[in-house]
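A short write-up of the structure that comes next.
Each reported figure results from applying straightforward, stated rules to the coordinates on display, with no laboratory input. In this text, all values refer to a predicted model and were calculated from it rather than measured experimentally. Cβ sites come from the backbone with ideal geometry, for glycine too, and all protein chains shown count toward neighbours.
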Amino acid sequence: MKRKIGLSVFPGWKEIKDEQIQVMRKARELGFSEIFMGIGPGTHWRTGIKDAFEIAKEILKEANRLDYYTFVDINPEILKELNSSPKNLSRFLEVGFRGVRADYGFSKEEIVEMSKQVIVELNPFEISVDELDYVTKFSNPERIKATHNYYPILYSGISKEVFLEKTKLFKERGIEIGAFISNPKFNLRTTLEILRFTEPFDSTNYLFNFVDRVLIGDPIPDEKTLRQVANVANSEITKIRITLYNDAFKDFINKVFHVENYREYAVVCYTKDSGNVTSQCYTKIFKNAVTVRGRELWIFTKDLGIGPYTLIGEIDDINLEILRMSKSVTFMDKK
């Protein structure tokens, strides 16, 4: 399944409307194909739901011209405010939304009813296994997707264990599922707490081991963030970022490496390409050290003693975890 990337737009922030449209245009050029919209009071406190919906109409004209898949967060209060109901979502379709995200407050029967009209994005924390099975049984599978919540308050994001548990339920049923990463400008709207302050390249790289879709949760990401996310989505091989101490090793780490995970103290990556690193010395081994031995990269997972390896850099915990989940990789310098 092709990796899909998206961004978030909040119509109620009238002061950044034009900037959000400009970001949409740039993101589309880079391969972004999805837009999540929030129109409820939880996304902006200065604009009411009806006013936010009207502004959304203007943004949707451009989003649909650019052929984005757009979906909007809904709950019973939002539907009531907009004179809509699970049996009548025509107002959302008329302005150009292609999907709705059933955030909370809907029964399994109402979700099935909504799916007859539009794509429904499920909230993994608001649906039980039995309800999910009911929805998949009585709905067109092409009309059902899922997107995790984002958690804007510091320390409020979910754990990896819960994330995997919830995600697995949808993957087992063949349902596309997405999750959010934060934007370094804000570091707020992330699904996983461990990724809150992680660079977009790395958080995207991490999430694509588990989900089909990655969306930037915070608004108006800069071009660097957009390019990092697009770089991961468009890459045919996993790229592991390290901090390289010596530029002389840049060509060596850019080779394709195969990953071995069975060593006691290290993840070992070997390449079949020619060109051994001949310089060999003894170095003090520390956790997350990136070293070379022959045609192999040894990335250590524990503080140890002195060993016969050439130290060339270090790796952070997130990239180390991505590496351990990979079979073939190439490395790149963070700088």
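So here's what we get for this one:
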item: Packing rank of 159-165, 235-241, where each peptide gets the mean count of other beta carbons within 10 Å, highest leading; result: 235-241, 159-165
item: Mean Cβ neighbour count within 10 Å, used as a protection proxy, ranking 93-99, 198-204, 209-215 highest first; result: 198-204, 209-215, 93-99
item: MRE, 222 nm, helices only [DSSP H, n ≥ 4, -39500 (n - 2.57), over the chain, to nearest 500]; result: -9000 deg cm²/dmol
item: In the range 248-316, GluC sites (Glu not before Pro) in a DSSP loop with at most 11 other beta-carbon atoms within 10 Å; result: Glu264
item: Of the trypsin sites (Lys or Arg not before Pro) in the range 1-73, those whose Cβ has at most 13 other Cβ within 10 Å and which sit in DSSP loop; result: Lys2, Arg46
item: Bridge type composition, the range 4-235 - antiparallel percent by DSSP, nearest 5; result: 5 percent
item: Label selected from [x] 162; [y] 150; [z] 138, the criterion being volume of the Cα convex hull per residue in Å³ as computed here; result: [z]
item: Set of lysines near Lys284 by C-alpha distance (under 25 Å), chain-local residues within fewer than 8 positions excluded; result: Lys250, Lys302, Lys334, Lys335
item: Nearest-20 debye value, the chain charge dipole, Cβ charges on Lys, Arg, Asp, Glu; result: 660 debye
item: Packing-based exposure ordering (other Cβ within 10 Å, fewest first) of Trp45, Trp298, Trp13; result: Trp45, Trp13, Trp298
item: Contact order relative to length of the chain, as percent, for alpha carbon pairs under 8 angstrom and 6 or more apart; result: 14 percent
item: Length-normalised contact order of the range 240-333 in % [C-alpha pairs under 8 Å, at least 6 apart]; result: 39 percent
item: Listed residue pairs exceeding 25 Å between alpha carbons, taken from Lys57/Lys116; Lys4/Lys108; Lys255/Lys327; Lys185/Lys287; Lys4/Lys87; result: Lys4/Lys108; Lys185/Lys287; Lys4/Lys87
item: Among Asn64, Phe92, Ala102 the positive-end extreme of the charge dipole of the range 1-110 (Cβ point charges); result: Asn64
item: Ordering of 126-132, 74-80 by packing [mean C-beta count within 10 Å, highest first]; result: 74-80, 126-132
